[in-house]
Amino acid sequence: MPSTANDPLMPVCPSDDCFARIGRVAEYSGVSVKTIRYYESLGLLAAKSRTRGGFRLFDLDDALVKLAFIKRSQELGLSLHDIGKFLQVRDRGELPCAEIRTSLKQKVAEIDAKIEQLAALRAELKGLLSGWEDVSHPREGTICPILERASRAQASKHLTSLKMGEGLS
């Protein structure tokens, strides 16, 4: 892509390297300028140089590859902190596949634990709903007697398990 004097957003391409201002990188990547600046502040992306006017110039190919990687990694639930570590490995000329695999395995374990928690919550909610009784005469100091009964039962169950498991008297 050759640069033109008439279009300040056109990438600047000396030799085989192609540099672009942040607005063009945003346009090509679908990532906002504000987000690109944020990623730059975190060290995930770096401008290769600046114009005489102080505008950032990014290596277009490198920026687009990194932004696509960041977006996909976030879609998979990886943190920007972890993504930064992966990009540091890549910037050293190595592939971060082993680190990514470890993070994805951890993410699967977190999802499995969350599914178990949600299944337990679902069972509890279904139990509450299956024994639901409409209360026509509220007692003073209550909000919803059915939930309050369930809370007292849950607290009693928890206290019993503590006594049995920890030897409390």
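Using the alpha carbons alone, the radius of gyration of the chain stands to its Kirkwood radius in an Rg to Rh ratio of 1.30. Screening the chain for DSSP H helices whose Cα atoms reach 15 Å or more along their own axis and whose mean Kyte hydropathy is at least -1.0 gives 60-75, 80-91, 97-130, 145-166. Taking Lys and Arg as +1 and Asp and Glu as -1, the other residues whose beta-carbon sits under 15 Å from that of Phe86 total +3. Computed over the chain with a Gaussian network model linking Cα atoms closer than 10 Å, the most mobile of Ser41, Ser130, Ser103 is Ser130. Solvent-accessible surface of the chain, averaged per residue with a 1.4 angstrom probe and all protein chains in place: 72 square angstrom. Of the cross-linked pairs Lys48/Lys71; Lys66/Lys105; Lys105/Lys157; Lys114/Lys157; Lys71/Lys126; Lys48/Lys107, those separated by over 29 Å at the C-alpha level are Lys105/Lys157; Lys71/Lys126; Lys48/Lys107. The trypsin sites (Lys or Arg not before Pro) found in segment 120-157 that occupy coil by DSSP, while having at most 16 further C-beta atoms within 10 Å, are Arg139.
Computed 3J(HN,Hα) for segment 137-143, one whole-Hz value per residue from the Karplus formula 6.51 cos²θ - 1.76 cosθ + 1.60 where θ = phi - 60°, is 10, x, 8, 5, x, 10, 10, glycine and proline marked x.
Can you sort Ile100, Ile70 by 1.4 Å-probe accessible area, starting with the largest?
My answer, sorted largest first, is Ile100, Ile70.
Residue ranges 45-54, 21-30 sort as 21-30, 45-54 when ordered by packing (mean number of other C-beta atoms within 10 Å per residue, highest first). Within the accessible area of segment 48-169, what % is carbon and sulfur when the probe is 1.4 Å and the other protein chains stay in place? Whole-percent figure for carbon plus sulfur exposure: 57.
The values are calculated or read from the model by the stated rules, or taken from the named source; none is laboratory data. Everything numeric here is computed off the predicted structure, so don't read it as measured data. Methodologically, a virtual Cβ is constructed for each residue, glycine included, from the backbone with ideal geometry; neighbour enumeration extends over all protein chains shown. Heads up: the accessible areas ignore ligands, DNA and RNA and are worked out on the full protein's heavy atoms, side chains in. Shrake-Rupley method; radii C 1.70, N 1.55, O 1.52, S 1.80 Å.
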